[in-house]
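**Student:** Below you will find the structure I want to go over with you.
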Amino acid sequence: MPPYPKAHGLLDGKVTLVTAAAGAGIGYATARRCAEEGATIVVSDRHERRLAAAAEALTELTGVKPLAVPCDVTSEAQVLALFDAVVEAHGRLDVVVNNAGLGGTAPLAEMSDDQWRAVVDVTLTGTMRCTRAALRQMIAQGSGVIVNNASVVGWRAQRGQSHYAAAKAGVMALTRCVALEAAEHGVRVNAVAPSLAVHPFLAKVTSEELLAELAAKEAFGRSAEPWEVANVIVFLASDYSSYMTGEVVSVSSQHP
């Protein structure tokens, strides 16, 4: 396992919003890494209790209390209220990390419309809603970066994942199309595609056999730590990736 990285001020002063930032997964790891790199953090999640705990943990780690705004990305009204709160508090918005997503496992022949709709509404349409809200602010200010969380299952097949894979493939296509629309306004849009980043909640809802099978497919023979995915998000959010837009970066050895 590589050592946890030192900070280099890659996001100094950048107002950065991370959705689905509560818990122990990629969202919280990203909020932490962005804060460590000097960003002014705003965290959001639909789980208010866990969001408050995440904000408290970030405060203890960094000495700065982040703005924490509850938001369910399936609600356009809540998404608009979230972005209004960020701009009201900080006057601008430099980086948005769209991390909210919903998984599930079901063969398509047994999948209900409600199961399909729930996954797609959070994972794809929720990303669209937040991207749209971010663009309106970033286009007006003439700058900004959006990083979407996709998945390698948007490229490769996995049993029981047709709804999630379709949603993540949609996130990839959304990223590429929006990047072309946003470039003339000085706004960049990219995505990461993780494979397996194990955290306590995932380990709780996934069998050890499946986790071992997925880990064995990786070049390093192990799952990623959530902060290893967050490192790539930090790079895409920073000025070091100033000429990158419309890209989907695999944080895995699995890609087309």
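**Student:** If each of residue 247 and residue 141 carries a label point 7 Å out from its Cα toward its Cβ, how far apart are those two points in nm?
**Tutor:** Modelled inter-label distance: 2.3 nm.
**Student:** In square nanometres, what is the average projected area of the Cα convex hull of the chain?
**Tutor:** 13.1
**Student:** Compute the length gained on full extension between residue 219 and residue 75: take 0.36 nm times their separation in residues and subtract their Cα-Cα distance, giving the result in nm to one decimal.
**Tutor:** Details: separation 144, 0.36 × 144 = 51.84 nm, distance 3.89 nm.
Between residue 219 and residue 75, full extension yields 48.0 nm more.
**Student:** For a test of the definition: using alpha carbon positions, the gyration tensor, and the 1.5 limit on a/c, classify the range 137-256 as rounded, prolate or oblate.
**Tutor:** Details: a/c = 2.50, a/b = 1.92, b/c = 1.30.
The shape class here is prolate.
**Student:** Still on this structure, I have one more. Restricting to DSSP loop positions (anything but H, G, I, E, B) with no more than 16 other Cβ atoms inside 10 Å of their own Cβ, which chymotrypsin sites (Phe, Trp or Tyr not before Pro) remain in the range 203-256?
**Tutor:** 220, 243
**Student:** Given points 7 Å out from each Cα along the Cα-Cβ axis, report the residue 56 to residue 173 separation in nanometres with one decimal.
**Tutor:** Once both label points are built, they end up 4.4 nm from each other.
**Student:** Once you treat every alpha carbon in the range 116-173 as an equal point and sum by Debye, what is log10 I(q)/I(0) at q = 0.20 Å⁻¹?
**Tutor:** These q points yield log10 I(q)/I(0) values of -0.71.
**Student:** Here's something else I'd like to know. Taking 0.36 nm per residue of separation and subtracting the Cα-Cα distance, what length does fully extending residue 132 through residue 65 add?
**Tutor:** Full-extension gain reported as 21.4 nm.
**Student:** For the chain, what is the mean residue ellipticity at 222 nm derived from helices alone (per DSSP H run of n ≥ 4: -39500 (n - 2.57); sum divided by total residues; nearest 500 deg cm²/dmol)?
**Tutor:** -14000 deg cm²/dmol
**Student:** Go through the range 1-55 and name the trypsin sites (Lys or Arg not before Pro) that are in a DSSP coil and have 11 or fewer other Cβ atoms within 10 Å of their Cβ.
**Tutor:** Of the trypsin sites (Lys or Arg not before Pro), the ones in loops of the range 1-55 whose Cβ has at most 11 other Cβ atoms within 10 Å are 6.
**Student:** Enumerate by residue number the trypsin sites (Lys or Arg not before Pro) in the range 69-170 meeting two conditions: DSSP loop (anything except H, G, I, E, B), and at most 13 other Cβ atoms within 10 Å of the site's Cβ. Spell out each step's value before the answer.
**Tutor:** Working: sites: 92, 117, 129, 132, 136, 156, 159, 168; in loops: 92, 156, 159.
Within the range 69-170, the qualifying trypsin sites (Lys or Arg not before Pro) (loop, at most 13 other Cβ atoms within 10 Å) are 159.
**Student:** Between residue 212 and residue 115, how many nm apart are label points set 7 Å from Cα along the C-beta direction?
**Tutor:** Placing both labels 7 Å beyond Cα along the Cβ direction yields 2.6 nm.
**Student:** Hey, could you grab the Kirkwood Rh for the range 24-132? Inverse mean 1/r over distinct alpha carbon pairs, Å, one decimal.
**Tutor:** 15.0
The numbers here are math on the coordinates, done by the rules we state, and not lab data. Remember, it's a predicted structure, so these values are computed and weren't measured experimentally. Here the Cβ is made from the backbone with ideal geometry for all residues, glycine too, and neighbour counts use every protein chain on show.
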